[in-house]
Amino acid sequence: MPNIHQELIIEATAEKIYDAITTAEGLSSWWTPGSIAIPKVDSIAMFPFGPTYHKEMKIEKLSPSKQVKWNCIAGAEEWIGTSLSFTIHPEDNKSLLDSHPEILGQLQQQKDFEKGALLVFRHDDWKEYTHMFAECSYTWGQFLRSLKLYCETGKGRPWPYQHSVEKDYLHA
């Protein structure tokens with residue numbers, strides 16, 4: 001099965017990153033405005049993308065400041081049954097490099113990593129490689145950049161501006 005896997009360094013505390021991916025306010029600020037989410041296992045989070053389309057995720061696991069797991073139960077056909085996870089690693093630079101040597105370039109570009117963490121994102125269980133899979137893989141990269149911006153600056157680039165490079169579209 002094809003899977004999407006992204007890793008990024010975020011210069012923010014594990015708690016701040018966790019709040020950004022578990023609260024309606026956080027999710028609305030970096031993924032899609034109007035998100036409805038309660039950080040409670042077995043609850044259903046709803047993510048609107050315009051007036052006629054939304055995705056729903058069943059919250060499968062919450063480990064405060066460590067991990068969030070969702071299962072997609074409504075949305076595009078190819079999304080239904082996929083699982084999404086966000087795992088936060090707030091270790092020091094040496095520990096992170098020992099376990100994730102691939103992030104050296106990201107670490108070298110950080111200004112103040114001592115208050116940061118590595119976020120490992122996975123969107124697993126796709127049935128096959130399709131055009132939608134390719135587009136979602138790319139777009140998840142854009143949304144994770146938005147998450148990074150939101151956690152580091154307080155301003156993300158949520159839908160429908162995730163692909164925009166204009167500063168005017170930064171979410172307030």
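What follows is calculated from the coordinates using simple rules that are stated; it is not laboratory data. Just so it is clear, the structure is predicted and the values come from calculations on it, not from any experiment. Note that each Cβ is placed from the backbone with ideal geometry, even for glycine, and that neighbours are counted across all protein chains shown.
See the values below:
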item	result
Positive-end extreme of charge dipole, region 4-160 - chosen from S95, Q6, C72 (charges on Cβ)	C72
Label point distance in nm, E15-Q109, each placed 7 Å from Cα along Cα→Cβ	2.9 nm
Residue-wise HN-Hα coupling along region 79-90, computed from phi with Karplus coefficients 6.51, -1.76, 1.60 (Hz; x: Gly, Pro)	7, 4, x, 7, 10, 10, 9, 10, 10, 9, 10, x
For the chain, calculated [θ]222 nm from helices alone, where every DSSP H run of n ≥ 4 adds -39500 (n - 2.57)	-9000 deg cm²/dmol
Residue (of L118, G154, S63) at the positive-pole extreme of the chain, dipole from beta-carbon charges	G154
Whole-number Å³ per residue for the convex hull built on Cα positions in region 4-160	109 Å³
Cross-link reach list, aspartates and glutamates versus K58, counting only Cα pairs under 14 Å and skipping chain neighbours closer than eight places	D42
Cut-off under 5 Å, modelled amide H: who pairs with K55 long-range	F47, F49
Distance in nm between pseudo-label sites at T23 and Q6 (7 Å out along the Cβ direction from Cα)	2.2 nm
Span per principal axis, largest first, for the Cα atoms of region 122-166 (Å)	36, 20, 11
Karplus-derived HN-Hα couplings along region 95-109 (A = 6.51, B = -1.76, C = 1.60, θ = phi - 60°), whole Hz, x at Gly and Pro	4, 5, 5, 5, 8, 9, x, 5, 8, 3, x, 5, 4, 5, 9
Helix 131-153 axis, angle to the chain major axis (alpha carbon atoms, nearest 10°)	50 degrees
Extension gain from H163 to S43, taking 0.36 nm per residue of separation minus the Cα-Cα distance	40.2 nm
Residues K94 and E128, FRET efficiency given R0 of 35 Å [Cβ-Cβ distance, rounded to 0.05]	0.30
